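The block underneath contains the structure these notes are about, expressed in structure tokens.
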Amino acid sequence: MEHELIIHNLNKTDATGSYLLNNINLTLPRGSRLSVLGPSGSGKTTLLRMIAGLDTPSSGDIRFSGASILDLPPYKRNFGMMFQDYALFPHMNVSANIAFGLKMKGIPRQKQIPIVKQMLTLTNLEGFGHRKIDELSGGERQRVALARTLAPGPRLLMLDEPLSALDRVLRKHLLAQLTQIFSQLHITTIFVTHDHEEAFAAGDQIILMNQGCIVQSGTPEDLSQHPVNDWVRQFMG
Ligand SMILES: Nc1ncnc2c1ncn2[C@@H]1O[C@H](COP(=O)(O)OP(=O)(O)OP(=O)(O)O)[C@@H](O)[C@H]1O
Ligand SMILES: [Mg+2]
């Protein structure tokens, strides 16, 4: 199978020399869905930031479609990242938020309009284009953030705890919507969460992280049926 994203011996140390990421190895086939699972502080966001180019590794390599991307600035990687807090622009309406990345790429206004329309449809937000961000529910904001991330057509989609700001009932409902959108898109996806049920629903492969290391990787079944140690067994409940 063709491999889209390859992470090789990736390390990140802080100023004192302790490891934030410790020898991360990862191979992600094109179109696959990976869940990055782990407790708070295990290095999940740090790993995403390295892939996105928002932070630089201490050593190791990150390759995409056959070439190292470490020298590419974030905007040239053409990856989409949706942050934990969504980071929407409160003074712009929904459509302007969705069009933001297109504008940054220099796509002319006339070409932005059909893409924004398509994204509103994809995320079930038809009729919401002119709404202000503070007139939206948490779940609607989450979908605007997803639409904004997807609009420029990223080669890789990364979602950092996309459901953590929402209540339990809504989380379940939106997770189902998200996985339904992913399956329509055929885009390589990395989904970060500290919740194993979410990880299992969102990914066909899981990496479980603790203290900057990958403790176990495999399918949801591997992790729940064959935990490699007591810590994994306990984390899985
Ligand atoms: N720029 C930085 N410099 C030094 N330490 C950092 C830096 N960024 C994060 N850390 C530390 O690295 C560790 C991993 O942080 P990270 O944000 O990746 O965890 P996480 O798994 O995303 O946690 P959460 O589930 O709470 O979001 C933490 O101990 C954090 O304090
Ligand atoms: Mg995090």
GNM top mover of 154, 29, 90 - the chain, alpha-carbon springs below 10 Å: 90
Just to be sure I understand: of the beta bridges DSSP finds with both ends in the chain, what percent are antiparallel, rounded to 5? 55 percent
Gap separating the Cα centres of region 160-196 and region 56-78, nearest whole Å: 26 Å
Run the numbers on region 3-235 and let me know its relative contact order in percent, using alpha-carbon pairs under 8 Å that are six or more apart. 27 percent
Mind checking which of 140, 221, 161 has the largest fluctuation in a GNM of the chain, springs on alpha carbons under 10 Å? 221
Full-extension gain in nm, residue 84 to residue 113, via 0.36 nm per residue minus C-alpha separation: 7.7 nm
Search the structure for amide H atoms under 5 Å from the amide H of residue 213, placed 1.01 Å from N in the peptide plane, and list their residues when 5 or more places away or on another chain. 22
When 169, 94 are arranged by how many other beta-carbons sit within 10 Å of their Cβ, fewest first, they go 169, 94
Efficiency by 1/(1 + (r/R0)^6): what FRET value for residue 176 and residue 231, r their Cβ-Cβ distance, R0 = 30 Å, to the nearest 0.05? 0.50
For residue 155 and residue 169 in the same chain, what is the full-extension length gain: residue separation times 0.36 nm, less their Cα-Cα distance, in nm? 1.9 nm
Please rank 135, 4, fewest neighbouring Cβ atoms within 10 Å first, as an exposure proxy. 135, 4
Test of understanding: in a Gaussian network model of the chain with alpha carbons linked when under 10 Å, which of 211, 177, 225 would top the mean-square fluctuation ranking? 225
If neighbour count is taken as other Cβ atoms inside 10 Å, put 157, 21, 54 in order from fewest to most. 54, 157, 21
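No lab work stands behind these numbers, since they all come straight from the coordinates. The shown structure was predicted, so the numbers you read here are calculated from the model rather than taken from an experiment. Neighbour counts run over all protein chains shown; Cβ positions are idealised from the backbone, glycine included.
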